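S.K.: Before anything else, here's the structure in question.
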Amino acid sequence: MVGTKMNKQNSSNKKEDKANKKQTLSPGVARRLSDFTMPKSVLKLIPHSIIIGIAGAFIALILLDLIGLITNLLYYQRFDLSLVSPRNNTLGWLAILIPMAGGLIVGLMARYGSERIRGHGIPEAMETILVGGSKVEPKLTILKPISSAISIGTGGPFGAEGPIILTGGAIGSVVAQFLNLTAIERRSLLVAGAVAGMSAVFGTPIAAVMLGVELLLFEWKPRSFIPAAIASIVANAVRHLFVSEGWMKAEPLFPVQKMVELGNTGLFDAVILGIICGGMAWLLTKAVYGAEDAFRKLPVHWMWWPILGGLIVGIGGLIEPHALGVGYDTIADELAGNLAVTTLISIFVIKLIIWAVALGSGTSGGILAPILMMGAALGGLLGLIFPGKIPGEWALLGMAGALAGVMRSPFTSIIFPIELTHSTDLFLPLLITVTLAHLISVLTLKRSILTEKVARRGFHVLREYAVEPLKVLFAEDVMTTDVLTISTGTKMSEVKAVVQAQRHMRRQRLLPVVTQDGIMLGVISWQDILERSLTGDLSGTVDDCMIKNVITAFPEESLRVIADIMADNHVGVLPVVDTENRKLCGLITQFELLTARHRILREERKRERILKISSLSKYGTFSGISRIFSPEDDLQPADTDETKKDSDGSS
């Protein structure tokens with residue numbers, strides 16, 4: 001015959017094959033597949049991760065020393081590198097001028113240096129990863145830490161971690177740009193630098209890696225996790241080697257006394273705290289971007305906005321000095337329960353106002369420390385209301401809930417407070433509070449305080465991680481086996497007749513040329529046949545016109561691999577051949593690739609009741625249950641659309 005079809009069967013046999021279709025690979029093939037994709041090229045990133053970890057740690061330490069120097073010079077008129085709070089200054093009304101001067105300098109640096117120093121760092125790092133190919137301007141490694149040190153050192157209500165994350169990421173990116181790396185490998189080193197900076201500041205190596213995974217990597221793979229983890233470990237080791245006193249001591253940043261495990265009432269209170277922290281996340285996000293929108297309406301250039309923000313910071317600092325600066329000492333007092341109720345209320349309100357206004361003005365500074373302070377203040381206040389009255393424990397839970405709601409990084413929010421305090425007595429309350437805060441946040445806000453800034457620049461960030469559908473199905477699961485083939489030696493005139501006679505040729509645009517044994521020799525396209533027909537050039541056989549060097553797929557290859565092959569070679573259909581003898585097995589097109597997505601949609605949308613109560617009562621309660629678990633169980637699933645179609649014989 002000129003044209004033959006593979007696997008001709010009647011409709012009943014096709015249905016039986018479809019129902020009994022094997023969805024798993026053979027044991028031999030399955031054993032060749034891996035749980036993770038781990039290219040050997042990751043190994044060459046390890047030495048670079050070590051270097052970046054060391055550099056990130058030193059940059060973090062230098063930045064903190066610079067913040068301390070500026071604070072001591074301006075607020076206390078002394079030369080000292082120790083990190084101190086501006087809250088004990090005796091300047092009076094003159095202290096208002098210091099944040100304004102800092103805002104002026106930062107505005108000038110942003111205008112004439114780089115506008116990317118504005119903001120708190122993490123959204124800028126996310127944007128660089130998403131659309132910038134993980135390529136950071138080298139000058140940011142200088143401008144960002146200096147501008148942040150000026151902003152925070154002059155009383156700005158920010159943390160140092162955001163700028164350090166961006167600066168560390170810039171170091172990683174710059175190092176990567178000197179190497180012959182892919183964009184994905186540059187991203188791994190960028191994130192390695194970012195987590196190294198955070199690990200060096202807080203002494204929280206695990207939380208730093210988790211933050212990188214939940215906020216910056218946009219994947220959970222060894223190729224990105226391993227460089228980040230190594231850089232974090234190295235940075236923390238450097239921290240322990242070179243720091244032994246002050247706020248950067250080797251012990252936990254916020255040492256606390258042993259916590260008391262909460263009873264059942266305390267767990268219920270943790271639920272309430274989680275819900276309130278979720279509402280707090282909404283308030284903080286709206287406050288920051290409300291302030292930013294208000295600044296955009298001002299009839300002055302954005303370069304002058306930080307001065308106005310500095311004015312509000314200075315006034316707020318006069319009202320509540322605890323709200324100024326990084327505030328590590330204030331957080332420690334909150335965790336120790338050393339602050340009065342009125343002070344906690346004042347800290348929460350004033351810190352929220354000056355932080356939102358200053359950040360909305362576009363100055364440079366981080367958000368982690370302010371969130372920790374406000375969360376601890378809120379938790380401490382509620383701790384005075386809840387039974388037991390242990391403000392320190394509730395301050396810790398408030399910190400975790402605030403982080404989970406504002407940053408939407410639940411695992412980081414659980415690990416971070418534990419590493420900051422080395423307190424491991426509140427795991428269950430932490431999980432409860434973080435879960436509820438995260439739930440309320442994702443229900444009430446479309447985007448977090450981090451991704452909102454990225455979205456305002458026209459980019460979308462999806463922070464849900466899932467197994468890619470194309471990786472769980474294989475070519476043999478979706479390929480078309482009802483394929484029209486052309487026998488070797490067939491004349492082109494006869495091939496034309498076959499094409500015209502087959503209606504389904506509109507979908508099958510590639511005709512494999514095979515031997516009598518089904519071995520594929522080449523392919524000829526439907527378009528090529530029509531073009532030859534129009535020109536009248538139908539001389540010779542199909543062997544003279546077919547394409548012999550054909551890109552093929554194998555039955556055991558995942559759809560992800562096949563999609564990559566199609567994208568790399570700009571083709572929309574691939575013959576599937578046996579691995580050993582190139583015997584044709586079927587065809588797979590772009591349309592079949594959608595089968596994987598359709599499968600996920602069915603799992604997400606299709607609702608069905610598998611068991612019915614009436615089925616149990618038919619045999620009696622106990623006998624019904626026993627029949628469910630017995631091999632002879634004859635309980636049938638509830639009718640679904642597909643079972644109804646199969647029962648009446650429709651396709």
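S.K.: From the list S224, S244, which one is crowded, with 17+ Cβ neighbours inside 10 Å, at pLDDT below 90 and among the polar types (S, T, N, Q)?
M.R.: S224
S.K.: I've got another one for you. Considering only region 151-185, state which residues are part of a helix (DSSP H, G or I) and surrounded by fewer than 24 Cβ atoms within 10 Å (Cβ to Cβ).
M.R.: V174, V175, Q177, A183, I184, E185
S.K.: Give me the pairs: first residue in region 497-514 and at negative phi, second residue modelled with pLDDT of 65 or more and of a type in the set (F, W, Y), beta-carbon distance under 9 Å, and six or more apart or on different chains, which are they?
M.R.: Pairs found: V499/W526; M505/W526; R506/W526; R507/F591; Q508/W526; R509/W526; L510/W526; L511/W526.
S.K.: Okay, next question. Which numbered condition in (1) modelled with pLDDT of 80 or more; (2) touching a Gly at 6+ places or on another chain (Cβ under 9 Å) is the only one that I46 fails?
M.R.: (2)
S.K.: If I filter region 569-596 down to residues being in a helix (DSSP H, G or I) and exposed (fewer than 13 other Cβ atoms within 10 Å of the Cβ), which single residue comes out as modelled with the lowest pLDDT?
M.R.: F591
S.K.: Say whether the condition of being assigned to a loop (DSSP other than H, G, I, E, B) and touching a residue at least 40 places away in the same chain (Cβ under 8 Å) is met by at least one residue in region 100-110.
M.R.: There is no residue in region 100-110 that is assigned to a loop (DSSP other than H, G, I, E, B) and touching a residue at least 40 places away in the same chain (Cβ under 8 Å).
S.K.: What pairs come up if the first residue lies in region 85-96 and is over 14 Å from G327 (Cβ atoms), the second is of a type in the set (S, T, Y), and their beta carbons are under 6 Å apart, counting only those six or more places apart or on different chains?
M.R.: That search, which allows pairs on different chains as well, returns N89/Y75.
S.K.: Of the conditions (1) assigned to a helix (DSSP H, G or I); (2) among the β-branched types (V, I, T); (3) modelled with pLDDT of 75 or more, V29 fails just one. Which one is it?
M.R.: Condition (3) is where V29 drops out.
S.K.: Given the residues E185, E161, which is the only one that is acidic (D, E) and within 30 Å of G314 (Cα to Cα)?
M.R.: Matching residue, one of E185, E161: E161.
S.K.: Output the residue which, of all residues in region 523-568 that are of a type in the set (G, A, S) and in a helix (DSSP H, G or I), is farthest from D477 (Cα to Cα).
M.R.: So, considering only residues that are of a type in the set (G, A, S) and in a helix (DSSP H, G or I), the one farthest from D477 (Cα to Cα) is S533.
S.K.: Starting from region 137-164, take each residue that is closer than 18 Å to I98 by Cα and list its partners that are among the aromatic types (F, W, Y), counting only C-beta distances under 7 angstrom and pairs at least six apart or across chains.
M.R.: Sorted first by the residue in region 137-164, then by its partner, the pairs are S151/F158; I152/F158; P157/W355.
Yes/no matrix, rows are residues, columns are (1) assigned to a loop (DSSP other than H, G, I, E, B); (2) within 25 Å of the chain's Cα centre (by Cα); (3) of a type in the set (S, T, N, Q):
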residue: A376; (1), (2), (3): no, no, no
residue: D425; (1), (2), (3): yes, no, no
residue: H460; (1), (2), (3): yes, yes, no
residue: R463; (1), (2), (3): yes, yes, no
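S.K.: Shifting gears a bit: Specify which of the listed residues (K5, K40, K22) is surrounded by 10 or more Cβ atoms within 10 Å (Cβ to Cβ) and either of a type outside the set (F, W, Y) or modelled with pLDDT of 90 or more (or both).
M.R.: It is K5.
S.K.: Let me ask something additional. Which of the residues spanning region 455-477 are in contact with an Asp or Glu (Cβ under 8 Å, 6 or more places away or on another chain) and surrounded by fewer than 21 Cβ atoms within 10 Å (Cβ to Cβ)?
M.R.: Across region 455-477, the qualifying residues are R457, F459, R463, Y465.
Here is a yes/no grid of residues against (1) touching a strand residue (DSSP E or B) at 6+ places or on another chain (Cβ under 9 Å); (2) over 19 Å from G102 (Cβ atoms); (3) surrounded by fewer than 23 Cβ atoms within 10 Å (Cβ to Cβ); (4) in the same structural domain as A160 (by TED's automatic domain parsing):
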position: F254; (1), (2), (3), (4): no, yes, no, no
position: Q257; (1), (2), (3), (4): no, yes, yes, no
position: G314; (1), (2), (3), (4): no, no, no, no
position: D333; (1), (2), (3), (4): no, yes, yes, no
position: A340; (1), (2), (3), (4): no, yes, yes, no
position: A358; (1), (2), (3), (4): no, no, no, no
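S.K.: Kindly indicate the residue of region 545-568 that is of a type in the set (S, T, N, Q) and modelled with pLDDT under 90 and also surrounded by the fewest Cβ atoms within 10 Å (Cβ to Cβ) among those meeting that condition.
M.R.: By that ranking, first place goes to N549.
S.K.: Please go through (1) surrounded by fewer than 24 Cβ atoms within 10 Å (Cβ to Cβ); (2) outside any loop (DSSP other than H, G, I, E, B); (3) in the same structural domain as V341 (by TED's automatic domain parsing) for P417 and return the number of the only condition it doesn't satisfy.
M.R.: Unmet condition: (1).
The values are calculated or read from the model by the stated rules, or taken from the named source; none is laboratory data. The structure presented is a predicted model; accordingly, all values stated were derived computationally and were not measured. Positions of Cβ are generated from backbone atoms using ideal geometry, with glycine treated the same way; all protein chains shown enter the neighbour counts.
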